[in-house]
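The values are calculated or read from the model by the stated rules, or taken from the named source; none is laboratory data. Since the model is a prediction, treat every value here as computed from it, not as a measurement. Quick reminder, even Gly has a Cβ in these numbers, built from the backbone with ideal geometry, and neighbours come from all protein chains shown. Ligands, DNA and RNA are stripped out before the accessible areas are found, and what is left, the full protein with its side chains, is counted by its heavy atoms. Shrake-Rupley method; radii C 1.70, N 1.55, O 1.52, S 1.80 Å.
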Amino acid sequence: MIVDLTDQAYRSLDEVEASLGATILGVMPAFGRKRLGGILGRGEDSISRKRKRLNAPSSGASSWPADIYVVEHPGSTYAESVRSLRTILSLSRSGTPPKVMLVTSSVPGEGKTTLSLNLAAMFGQQGSKVLLVNGDLRRRGLDMYLDLPDSRGLSAALTGGSMEPQCHILENVPNVSVVVGGTTPPFPAELLGSDKMRQLVSKWRLQYDYIVIDSPPVLPVTDAILLSQISDASLLVVRHGSTARNAVQRSYRSLGQQLPEHAILGVTLNAVPEGSVDYGEYYGYHGSGYSDGAMLNDTM
């Protein structure tokens, strides 16, 4: 007997809320990159070929915006959805909005890295000083997508004594700096749960208004749970009509059981069809034409 796993996926806000009892922090419409779509996770050679065809820099320069959707399409429905998420997070705790935000998912391919990058850019656009950290030391997805060198990355800093990671400035994205993951270390979980990692985050809290951590998925490894211990908010990205319900339930339960006191845990439903009832009801302007509507698909 063949079972279609998509039949076991969440397809509405009501299903998510009823099943998890979760706070829905945001609903992101489906979209995709017309120029660099689908390259994340395909390897450095694939990215280099894409950039060469596009005449994009391949030297690790940090000035190229790397097709950050909210920067290139500020009036799109996706950008408005990320703005809404930014506002909800900013107002989510009385007087003290979360400073360190973890973005994770149950399994790979749900869009957590795309959301991390665009959320960091959106906080930067309001004038906040933002640090985007690649906390996924097992994959170099964010590093390769931004085309940043892996030297002096987070993994090197966590294994290199007193050395601190380099903060790369994204010149075309205001107020946003990036710490890459760097080369994959032998024991990523032990490094992310170390005192050195806690010390780095404590120092960043004093230097930045917001820290956005792009985390590995919850189920394959323990890294996300460890990173949630040093975060003020954990966002679980759930891909609409794709992620199996039992996977989401296990991930949400695992994060909730280890949630620090006063920390926030919420769900962001990703890749929701823009014309769907759920998307229209959540934002209250279904069919109103308030945005440019240039959306496709994304699995990063």
How large is the accessible surface of Lys99 in square angstrom, using a 1.4 angstrom probe and rounding to the nearest 10? 50 Å²
Per q in 0.16, 0.31 1/Å, what log10 I(q)/I(0) does a Debye calculation on the alpha-carbon atoms of region 214-253 return? -0.40, -1.22
Could you tally the net charge around Tyr208, taking each other residue with its Cβ under 11 Å from the Cβ of Tyr208, Lys/Arg +1 and Asp/Glu -1? +3
Excluding ligands, DNA and RNA, the carbon-plus-sulfur percentage of the accessible area of region 78-213 with a 1.4 Å probe reads 50 percent
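How big is the Kirkwood radius of region 114-198, worked out from every pair of different alpha carbons and given in Å to one decimal? All intermediate terms of the calculation are to be shown ahead of the outcome.
Values: mean 1/r = 0.0762 Å⁻¹.
Final number for the Kirkwood radius of region 114-198 is 13.1 Å.
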Check Arg239: other-chain or 5+ apart residues with amide H under 5 Å from its amide H, H built from backbone geometry? Asn270
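Normalized C-alpha radius of gyration of region 225-274, against 2.2 N^0.38 Å?
After normalising by residue count via 2.2 N^0.38 Å, the value is 1.21.
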